[in-house]
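Notes follow once the structure below has been shown.
The values are calculated or read from the model by the stated rules, or taken from the named source; none is laboratory data. Quick caveat, the model's predicted, so the values are computed rather than measured. Here the Cβ positions follow ideal geometry from the backbone for every residue, glycine too, while neighbour counts run over all protein chains shown. Surface accessibility is based on the protein's heavy atoms, side chains included, excluding ligands, DNA and RNA. Shrake-Rupley method; radii C 1.70, N 1.55, O 1.52, S 1.80 Å.
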Amino acid sequence: MRLRWDGVPRLRSKALVWIARQGSSGAEVLLLQRPQRRGGGLHPVTGKVEDQEPVAAAAAREAEEETGLTGELVDLGYFHEYVSAGGKRFREHAFLLRVPPPARAIELSDEHEAFAWVPPDEARASVSWPAHREALDLALSRLAVPGSPP
């Protein structure tokens with residue numbers, strides 16, 4: 001573990017990306033199922049920012065690597081901090097990836113074993129972390145506004 005001069009583990013950056021689209025009956029949110037070996041559960045795209053990589057670039061890269069999707073990336077201006085079970089400190093920045101309906105086929109990475117496009121209420125109820133729900137609410141407020149500012 002790298003330590004800063006004061007003995008506190010360094011703060012690492014992550015990206016959290018809610019992928020959403022306007023479907024025929026309203027907004028749809030992409031949920032990804034993690035395998036048990038990775039903790040299980042339903043999640044948005046998340047991933048670590050590489051050294052010297054801008055957080056928005058990491059968000060776009062992680063979304064494409066984990067799902068094969070690209071689209072309009074919107075910085076939600078929201079982040080939260082947490083300490084992992086291993087004692088690492090993270091700041092996770094939230095984004096919306098707005099994809100057109102119907103989005104092209106999902107190409108899952110080995111980080112996930114299944115996916116589903118679900119209505120917003122189902123997505124909110126499916127995620128475990130309050131910060132993920134807060135980011136989802138921000139993402140949904142920006143979904144129907146193409147070109148919305150960060």
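If you take all other residues with their beta carbon under 14 Å from the beta carbon of residue 127, and give Lys and Arg +1 and Asp and Glu -1, the sum is -2. When the chain is described by a simple charge dipole with +1 on each Lys and Arg Cβ and -1 on each Asp and Glu Cβ, the residue from 119, 84, 60 located farthest towards its positive end is 84. In the chain, helices alone account for a calculated mean residue ellipticity at 222 nm of -7000 deg cm²/dmol, with every DSSP H run of four or more residues adding -39,500 (n - 2.57). To put it simply, the accessible area of the chain at a 1.4 Å probe is 53 percent carbon and sulfur.
Heavy atoms of the protein chains alone define the surface here; on that basis the chain has 53 Å² accessible area per residue at 1.4 Å probe size. Enter the angle in degrees (range 0 to 90, nearest 10) between the Cα long axis of helix 130-143 and the first principal axis of the Cα atoms of the chain, meaning the one along which they spread out most. Once rounded, the angle reads 40 degrees. Run a plain Debye calculation on region 40-111 (Cα atoms as equal point scatterers, no solvent) and give log10 I(q)/I(0) at q = 0.12, 0.16, 0.20 Å⁻¹, rounded to two decimals, same order as the q list. Debye output, listed in q order: -0.36, -0.63, -0.96. A viscosity of 1.567 mPa s and a temperature of 4 °C, combined with the Kirkwood radius over Cα pairs in Stokes-Einstein, give a translational diffusion coefficient for the chain of 82 µm²/s. Give me the one-decimal Kirkwood hydrodynamic radius in Å for region 62-150, with the sum taken over alpha-carbon pairs. After inverting the mean inverse Cα-Cα distance, the result is 14.5 Å. DSSP beta bridges fully contained in the chain are about 70 percent antiparallel. The angle separating the long axis of helix 55-67 from the principal Cα axis of greatest extent in the chain is about 60 degrees. Residues whose amide H falls under 5 Å from that of residue 69, counting only those 5 or more places apart or on a different chain, are 107, with hydrogens built in the peptide plane.
Between amide H atoms placed 1.01 Å from N, distances below 5 Å from residue 112 occur with no residue 5 or more places distant or on a separate chain.
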